[in-house]
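The values are calculated or read from the model by the stated rules, or taken from the named source; none is laboratory data. Worth saying up front: this structure is predicted, and the values here are computed from it rather than measured. Neighbour counts run over all protein chains shown; Cβ positions are idealised from the backbone, glycine included.
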Amino acid sequence: MLSVLYNIATIYNAFGDYDQALGTYTRVLAQEMKCLQDYTPRTVAVSDDTASSSTSRVRPIDAVNTLFKIFRVYKKKANAEMFQDGLKYLLQAISLCSKYKDEIPLEQYLQVHFALGDEYFLQGNITKAISIYKIPFSTFVLSTEHFDGFLEHINDLYEYRNSTKDILLKTAANAA
C-alpha cells in the first residue's frame with residue numbers, strides 16, 4: 001500500500017502538483033516512521049513472499065528516500081520559507097542515515113549528506129558545508145573513486161555557483 005501511495009506522490013510531483021505530492025509523501029512518511037518504531041534489522045534475508053504485510057517490509061532506507069523526496073519537492077517550490085521547511089526533512093534524513101548507517105547503502109548516505117552540504121555551499125556558508133561534507137569521510141572508509149567523485153562534484157558546484165552569480169549580476173546590470 002505504501003509503495004502505491006509513494007508512486008502516486010511521484011506522479012503528482014512529475015506533473016508539478018507539488019501540494020498533492022507533499023501531502024501524499026507526508027502520509028507515506030508518517031506510516032514509514034510508525035513502522036520504524038518497531039523496526040529490528042533483519043539478519044537473515046526474508047523474501048517478499050514471506051513477509052506478513054507491506055508495513056513489515058519498511059526499512060530505514062525507505063524513510064530516507066521519502067524524506068529526501070519531500071526535501072526536493074520543497075526545493076522545487078522555491079520560496080525561502082518553504083525551503084526552510086524542506087531543510088527540516090533533509091536533516092531528519094541525515095539523522096536516520098546516522099542511526100541506521102549500517103543499513104543505508106553508501107551511495108544513498110553520500111547523496112543525503114552531499115545534498116545538505118550543497119545547500120550550505122550555495123548559500124555561501126562554506127564552513128558549514130565542509131563540516132557536513134566531511135561526515136561521510138570520517139564515518140566510512142571511502143575509496144579513492146568516492147573521493148575523486150566528491151572533488152569533481154565540488155568543482156561542478158563551485159562553477160555552478162559562480163555562473164549563477166554572474167547571471168544575476170548581469171541581469172541586475174541590465175535592469176539598471
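Can you spot a residue in region 117-133 that is more than 13 Å from the chain's Cα centre (by Cα) and farther than 22 Å from Thr164 by Cβ?
Within region 117-133, one or more residues are more than 13 Å from the chain's Cα centre (by Cα) and farther than 22 Å from Thr164 by Cβ.
For region 66-77, state whether one or more residues are over 14 Å from Glu119 (Cα atoms), of a type outside the set (S, T, N, Q), at pLDDT 90 or above and over 16 Å from the mean Cα position of the chain (by Cα). Don't jump to the end; show me each part of the working.
Quick first cut of region 66-77, residues over 14 Å from Glu119 (Cα atoms) only: 66-67, 69-70, 73, 77.
Next, only the ones that are of a type outside the set (S, T, N, Q) stay: 67, 69-70, 73, 77.
Cutting the leftovers down to at pLDDT 90 or above gives us 67, 69-70, 73.
Next cut, over 16 Å from the mean Cα position of the chain (by Cα) only: none.
No, every residue in region 66-77 fails to be over 14 Å from Glu119 (Cα atoms), of a type outside the set (S, T, N, Q), at pLDDT 90 or above and over 16 Å from the mean Cα position of the chain (by Cα).
Return only the number of the condition from (1) outside any helix (DSSP H, G or I); (2) at pLDDT below 75 that His146 does not satisfy.
Among (1) outside any helix (DSSP H, G or I); (2) at pLDDT below 75, His146 violates only (1).
Of all residues in region 59-99, which are surrounded by fewer than 16 Cβ atoms within 10 Å (Cβ to Cβ) and not in a helix (DSSP H, G or I)?
Listed by number, the residues that qualify are Ala78, Asn79.
So, in region 18-47, exactly how many residues are within 14 Å of Met1 (Cβ to Cβ) and either exposed (fewer than 14 other Cβ atoms within 10 Å of the Cβ) or at pLDDT below 90 (or both)?
Matching residues across region 18-47 total 2.
Can Phe147 be described as surrounded by 14 or more Cβ atoms within 10 Å (Cβ to Cβ) and aromatic (Phe, Trp, Tyr)?
Criteria not met by Phe147.
For Tyr158, indicate whether it is modelled with pLDDT under 90 and not in a loop (DSSP other than H, G, I, E, B). Reasoning before the result, please.
Values: modelled with pLDDT under 90: yes; not in a loop (DSSP other than H, G, I, E, B): yes.
In short, yes.
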